[in-house]
Amino acid sequence: MRTPLLRGLVRWALLPVAATLAVLTTGAPGAFAAADPSTVAEALREDPVYVDPAASDQLSSADAEALADKIRDADKPVFVAVLPADQPEENLFLNLRTETGITGLYAVRSGDRFGAQADSSVLSNQGVDNLVTSVRGTDDVKAQLNDFVDAALNNVGGSAPSSWGSTADDGVPVAGLVTTGVVLAAGGAGVYALTRRRRLAHEQEQRAALEKLRVVVDEDITAFGEELDRLDFHPGEPGADDAMRTDYEHALDSYEQAKRLMAAATRPEEVKAVTQALEDGRHALALLAARREGRPLPDRRPPCFFDPRHGPSVADATWTPSGGATREVPVCAADRARLADGRDPMIREVTTDTGARRPYWDAGPAYGPYAGGYFGGGILPGLLIGTMLGSMMASPAYGADYGAGYGDFGGYEGGDVSGADFASDDFTGGFGGGDFGGGDFGGGGDFGGGF
């Protein structure tokens, strides 16, 4: 990875040359040729921020370097280009994304206009538009770009491209860099140490989240084991048939699978498979109980939302959490009766980092996999709307830390090299600024949003 000092030296050395060439290509003093997307893309593959020589008055090299360091330190696929005011508009983002070939969020400041587009796997179209709107009306380029990047880094998914870690400087005279060798070595060691510390800190956070989650999941596994004991079913008992024995074996297998998976879990997202196994086992027990009692077999339903240990739900009931919106949630028979009587349901509470007891859906991000295993099939977003966990899981950045695949919350990958193999309709956003009201600026996406 280039050190800030080396990047600054290279930019300082090349800036007058590039500016001179730009003037010569236009044939008129003070006029600059429009930025070539290929040139911009080549620069962005190596560095998150590019300032065209013709736009150097908009953002200084020091400010560009500080912005690039911020993006690089956050390890997010955010690309920023500052281009001349007369930059051609048609298909700019589409061409830039195609030439760069990396999944991510692309922002462009062109004259007094600012806009962005992103692959939907990194950030939704609405998310891009919201970010652009949040910096609308900011005339100071430095302030606008920093505000945009600060907000983007908290929302965009995926990781920075590996090419930003390259130390090669193609096209830069080697002799001019020899004297910086010692500085480069020291800087490289510093970058490595910083990256390693960041990775170790992230791993420590994940381990802490898993251990906190392990306590709760182990309680769920124990509760399921106690249900098996209370059932007191014996495969050879009078009246037992093959269907009952199959249900019982299925429940036992799910119990053993949950214990095995939890013991082997190394990351919070792996807990999802554990609670999936518990949900499957409880359904098998519900089938077995119905067969023994001669009742109709129950339909497959999600667990009770208030506490999955209550077993499969029997109906959907209207519930309004404190300070939240009303929604339909699956409930067990006991909680349905409590709600009908105007009483509070029996809610599964867990211990938070502060030591307080909170419902699992308001206890922190680690409980996403816990809930995701119990409530599959895309119903989870509707259940968690307006809750702390729902807000966290709606952020693209959540998938990188706690996994994805929880229905409409989706999954996110950024920084991957895809080349030109991406759908233009899947790369959308908004552009605006000043009196600019939109236009065909995205090649397949509506690029008139934003300002």
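A few notes on this one:
- Residues in segment 243-279 that are open to solvent by 70 Å² or more (accessible area, probe 1.4 Å) and either among the polar types (S, T, N, Q) or under 24 Å from the mean Cα position of the chain (by Cα) (or both): 5 in all.
- Every condition in (1) buried (at least 16 other Cβ atoms within 10 Å of the Cβ); (2) without any contact (Cβ under 8 Å) to a residue 60 or more places away in the chain; (3) in a loop (DSSP other than H, G, I, E, B) is met by Gly378 except one, and the failing one is (1).
- Residue in segment 219-228 that is within 32 Å of the chain's Cα centre (by Cα), more than 24 Å from Glu203 (Cα to Cα), in a helix (DSSP H, G or I) and aromatic (Phe, Trp, Tyr) present: no
- When Gln117, Gln144 are checked against the criterion of being surrounded by 23 or more Cβ atoms within 10 Å (Cβ to Cβ), among the polar types (S, T, N, Q) and under 25 Å from Asp86 (Cβ atoms), a single residue qualifies: Gln117.
- Remark: pairs (first residue in segment 241-269, assigned to a helix (DSSP H, G or I); second residue at pLDDT 95 or above and of a type in the set (Val, Ile, Thr); Cβ separation under 7 Å; 6+ apart in sequence or on different chains) = Ala258/Ile221; Ala258/Val274; Lys259/Ile221; Leu261/Val274; Met262/Val217; Met262/Ile221; Met262/Val274.
- Set side by side, the residues Gly411, Gly430 differ, and just one is at pLDDT below 60, under 21 Å from the mean Cα position of the chain (by Cα), in a strand (DSSP E or B) and among the small types (Gly, Ala, Ser), which is Gly430.
- Some residue of segment 294-307 being outside any loop (DSSP other than H, G, I, E, B) and surrounded by fewer than 20 Cβ atoms within 10 Å (Cβ to Cβ): no
- Segment 30-86, subset at pLDDT 90 or above and of a type in the set (Phe, Trp, Tyr), residue most open to solvent (accessible area, probe 1.4 Å): Tyr50
- Residue that is open to solvent by 60 Å² or more (accessible area, probe 1.4 Å) and in contact with a Pro (Cβ under 8 Å, 6 or more places away or on another chain), where the choices are Asp353, Asp316: Asp316
The values are calculated or read from the model by the stated rules, or taken from the named source; none is laboratory data. Model, not experiment: these values are computed from the prediction. With ideal geometry, Cβ positions are generated from the backbone for all residues, glycine too; neighbour counts draw on all protein chains shown. Please note that ligands, DNA and RNA were not included when accessible areas were found on the heavy atoms of the full protein model with its side chains. Shrake-Rupley method; radii C 1.70, N 1.55, O 1.52, S 1.80 Å.
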